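A.B. asks: For reference, the structure I am asking about is given below.
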Amino acid sequence: MRRFERRIRSFVVLAVTSALVGLGAAAGWEAVRAQSHTHTHSGGGMDMGGWLVRLAPDARTAAIERQLRGLDTTMAEVAYRYTEMYWGGVDGNWAYAEHMAQHLGEALNLGLERRPQYRKNAEALFLKGPYPQVMDAIKAKNVTLFKQRIDALRPACTACHAAEAHPFIKIGVPTVRRNPVVND
Ligand code: HEC
């Protein structure tokens, strides 16, 4: 092959390659646009054609109740808020401790609305004794009293578990923080 021909040939190869790369990039961009297009239409997470709407109307309320679940999800939140309430008090971050204590009570009460069979023990063992007493210690901003009241609250959690057929869930003093909250 002559030198001139070789040069022409490599020029053609280069031109074809860059045209293909360009096409590929454009196709890729179209694909991205098409995807975001679909996203906008599906309502940004609110799926108008979703599972709930596909159920018969008279089956929907029961389905929502199922998805809200029972005391197990309530307790996962209660344990989270108990832990963070504890660290709030230990840190002297009393507003944070109070925030957690309030939402702990709210979560428990909402759970009892869904599962009223637990109300009797929840009130007798927890809501009418140890819980408001921890709240008082938080409002008094007294760390010694707070720790004493936590030591009275823990056995109340554990006693309710024992009374409600879950004696293996024994509540201790928290050892690890759940949130990266500081009191600078
Ligand atoms: C009604 C009395 C009652 C009180 C008061 C109570 N619990 Fe519970 N707790 C339960 C019951 C019942 C379960 C099991 C729920 C289930 O599996 O359906 C449970 C389960 C749990 C679980 C396991 C949750 C999971 O992931 O399945 C944790 C953790 C827990 N409780 C923590 C606490 C803490 C901390 C307190 C006190 C601040 C507390 N509980 C107070 C009744 C109670």
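A.B. asks: Tally up the residues in segment 61-82 that are more than 19 Å from P155 (Cα to Cα), touching a residue at least 40 places away in the same chain (Cβ under 8 Å) and touching a helix residue (DSSP H, G or I) at 6+ places or on another chain (Cβ under 7 Å), please.
C.D. replies: 2
A.B. asks: Which one of A95, A163, A107 is surrounded by 13 or more Cβ atoms within 10 Å (Cβ to Cβ) and more than 21 Å from the chain's Cα centre (by Cα)?
C.D. replies: The conditions single out A163.
A.B. asks: Let me ask you something else. Condition (residue is small (G, A, S), within 16 Å of the ligand (Cβ to nearest atom) and either at pLDDT below 95 or under 30 Å from E106 (Cα atoms) (or both)) applied to segment 57-68: is it met by at least one residue? Lay out the reasoning, then the answer.
C.D. replies: At the first step, the residues of segment 57-68 found to be small (G, A, S) are 59, 62-63.
Still in the running and within 16 Å of the ligand (Cβ to nearest atom): none.
No: segment 57-68 contains no residue that is small (G, A, S), within 16 Å of the ligand (Cβ to nearest atom) and either at pLDDT below 95 or under 30 Å from E106 (Cα atoms) (or both).
A.B. asks: Could you say whether any residue in segment 134-147 is β-branched (V, I, T) and without any contact (Cβ under 8 Å) to a residue 40 or more places away in the chain?
C.D. replies: To start, the set of residues in segment 134-147 that are β-branched (V, I, T) comprises 134, 138, 143-144.
When the remaining residues are screened for being without any contact (Cβ under 8 Å) to a residue 40 or more places away in the chain, the result is 144.
Yes.
A.B. asks: May I pose another question? Output yes when any residue across segment 136-152 is of a type outside the set (D, E, K, R) and within 9 Å of the ligand (Cβ to nearest atom), and no when none is. Before the answer, list the steps.
C.D. replies: Pass one, segment 136-152, residues of a type outside the set (D, E, K, R): 137-138, 140, 142-146, 148, 150, 152.
Next, only the ones that are within 9 Å of the ligand (Cβ to nearest atom) stay: none.
No, because not a single residue in segment 136-152 is of a type outside the set (D, E, K, R) and within 9 Å of the ligand (Cβ to nearest atom).
A.B. asks: Right, L125: in contact (Cβ under 8 Å) with a residue 24 or more places away in the chain, closer than 19 Å to A159 by Cα and either more than 11 Å from the ligand (Cβ to nearest atom) or aliphatic (A, V, I, L, M) (or both) or not?
C.D. replies: Details: in contact (Cβ under 8 Å) with a residue 24 or more places away in the chain: yes; closer than 19 Å to A159 by Cα: yes; either more than 11 Å from the ligand (Cβ to nearest atom) or aliphatic (A, V, I, L, M) (or both): yes.
Considered against the rule, which asks whether it is in contact (Cβ under 8 Å) with a residue 24 or more places away in the chain, closer than 19 Å to A159 by Cα and either more than 11 Å from the ligand (Cβ to nearest atom) or aliphatic (A, V, I, L, M) (or both), L125 comes out as yes.
The values are calculated or read from the model by the stated rules, or taken from the named source; none is laboratory data. Just so it is clear, the structure is predicted and the values come from calculations on it, not from any experiment. Glycine also receives a Cβ, built like all others from the backbone with ideal geometry; neighbour counts cover every protein chain displayed.
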